[in-house]
1. Sort out for me the Cα centre separation of segment 115-176 from segment 52-95, rounded to whole Å.
2. At 7 Å along the Cα-to-beta-carbon direction for both ARG65 and VAL144, put a label point, then send me their distance in nm to one decimal.
3. Name the residue farthest towards the positive end of the dipole of segment 61-194 from the options THR147, GLN134, PRO116, assuming +1 on Cβ of Lys and Arg, -1 on Cβ of Asp and Glu, about the Cα centre.
4. Please report the antiparallel percentage of DSSP beta bridges with both residues in segment 114-191, rounded to the nearest 5.
5. What is the P(r) of segment 119-194, as percent of Cα-Cα pairs per 10 Å bin from 0?
6. Between ARG191 and ASP84, how high is the FRET efficiency from 1/(1 + (r/R0)^6) when r is the Cβ-Cβ distance and R₀ = 45 Å? Nearest 0.05.
7. Name the long-range amide H neighbours of THR147: under 5 Å, sequence gap of 5 or more, or other chain; modelled H, no Pro or chain starts.
8. Nearest 20 debye, what's the magnitude of the dipole of segment 114-191 about its Cα centre given +1 on Lys and Arg Cβ and -1 on Asp and Glu Cβ?
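What follows is calculated from the coordinates using simple rules that are stated; it is not laboratory data. It should be emphasised that the depicted structure is a prediction, and the values quoted were computed from it without experimental measurement. Please note: Cβ atoms are built from the backbone with ideal geometry, for glycine as well, and neighbour counts cover all protein chains shown.
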Amino acid sequence: MSHKLRQAAFVALLGICLAGLSATLVTWAQGSETAKGENSEPPNELLYKFINFAILAGGLGYILRKPTAEFFGSRSASIQKSLDEGRKALEASQARLKVVEDKLKGLEAEIAAVHPQLIVCLGATAAQSLLGAQFRLTKHRGEVFPTGYGPVTATIHPSAILRMPEPAAKDAEIASLVQDLKMAAEYSTARRPL
């Protein structure tokens, strides 16, 4: 719709509303005997409310059309951008998952080739890949578990220590990590054939 056609439609709607209003006012002013009795309200109260609403809605629609269009346009662009970012993140995560799955396929062969005395998993993710998804590092840290690959233990990943905000917590975790690695070395030494 062109701008002039919109203006003409608005003026026509306003004219119709005003004509309806003036007709009901004339009827009310002349009044009938029933209107002058107990009830002195205008006879077409519903029509007044409708005309009032039409004028308000039309005026608001006319005034708010540009800001509303701009808002919904920018919102649509924002949603589209978020969808594109999500799609890219999904593709990247699927590619990383494929790389991890490919590495895990060769894990058994690598372990068999090395014949380790003890496998030390750094972090919960590594431990869960060998010990199962139910494994909880917080409960079983430093324990040795027999597996088809050989004995396995788990401790915290050093990068998790680096991400800790408090220096005291970092120091305590570093000491625990060192203790876990000493235990792993002692276990391996005890199992080493003479």
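1. 47
2. According to this spin-label approximation, the distance is 8.1 nm.
3. GLN134
4. Antiparallel bridges: around 50 percent, rounded to the nearest 5.
5. Reading upward from the zero bin: 19, 48, 26, 6, 0.
6. 0.25
7. Distant-sequence amide H within range of THR147: VAL152.
8. 140
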